[in-house]
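One structure is given below, encoded as structure tokens.
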Ligand SMILES: Nc1ncnc2c1ncn2[C@@H]1O[C@H](COP(=O)(O)OP(=O)(O)OP(=O)(O)O)[C@@H](O)[C@H]1O
Ligand SMILES: [Mg+2]
């Protein structure tokens, strides 16, 4: 079986004036379709850098990255946005909802951007919002919702485009522990429904809700099961 996502021997540096600061070292990662994976690491370990590359928001210096058999490492920067829109559903710590728009409009926006007719976009958004338990809050603005509800809207917004991968960066970071647990239970439910999830977090307890846990330490990724830097499946 080929993996949905496959990264091998990936290196990434940032230019700091004339110097180069390497932040990711020989990263190897395979994620199968339908897996729930977490990447756990302390501040500064390279989580966001890796997430930006997985999410096609940034590119690596070296290495290979295949997503759904597409050679992402060969795609020109100008075309990455299209790949990102097609394959990735982002969930952020602070939700990134548009404050002047209500729940429904926030959720249909990615569909409208893709040219989906409004009626169809609304039907698809309502289905996801109902699935996430916020179908009765369609006309609320983000500031009229609790943090947990806002995160549910952001998950609905990520789901409406049927992404191949849900990519979540500290999705419970802004929530109290009870609400955070609810969101994690939701991830587990979405995973049971077949969604592939990659969750990035510094929180051991949160990370261990995933079925497969990786640790990132000083820019190197370790598989918790084997404690090697080779992804083994
Ligand atoms: N644009 C940049 N230019 C130079 N160095 C950077 C840049 N972005 C990140 N870094 C450096 O890369 C390293 C990894 O940063 P990254 O943001 O990936 O960490 P992180 O694990 O997401 O941390 P946090 O948990 O605090 O968000 C850090 O040492 C950081 O200083
Ligand atoms: Mg970060």
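The values are calculated or read from the model by the stated rules, or taken from the named source; none is laboratory data. Keep in mind it's a predicted model, so treat the numbers as computed, not measured. Counting neighbours? That spans all protein chains shown, and the Cβs are built from the backbone with ideal geometry, glycine included.
Worth a mention:
- Residues that are out of contact with any helix residue (DSSP H, G or I) (no Cβ under 7 Å at 6 or more places or on another chain), in a loop (DSSP other than H, G, I, E, B) and farther than 23 Å from residue 202 by Cα within the range 83-100 comprise just one, 100.
- Matching residues in the range 156-174 - criterion: being touching a helix residue (DSSP H, G or I) at 6+ places or on another chain (Cβ under 8 Å), over 17 Å from residue 210 (Cα atoms) and crowded, with 20+ Cβ neighbours inside 10 Å: 156, 157, 159, 160
- Test: residue in the range 57-73 that is surrounded by 20 or more Cβ atoms within 10 Å (Cβ to Cβ), away from ligand 2 (no atom under 16 Å from the Cβ), within 19 Å of the chain's Cα centre (by Cα) and in a helix (DSSP H, G or I): yes
- Of the residues making up the range 20-49, those that are within 16 Å of ligand 2 (Cβ to nearest atom), part of a strand (DSSP E or B) and loosely packed, with under 15 Cβ neighbours inside 10 Å number 1.
- Number of residues in the range 1-19 that are at pLDDT below 95, in a strand (DSSP E or B) and in contact with a strand residue (DSSP E or B) (Cβ under 9 Å, 6 or more places away or on another chain) equals 1.
- Within the range 187-203, the set of residues being touching a residue at least 60 places away in the same chain (Cβ under 8 Å), on the phi < 0 side of the Ramachandran plot and either crowded, with 19+ Cβ neighbours inside 10 Å or away from ligand 2 (no atom under 16 Å from the Cβ) (or both) comprises 187, 188, 191, 195, 196, 197, 198, 199, 200, 201.
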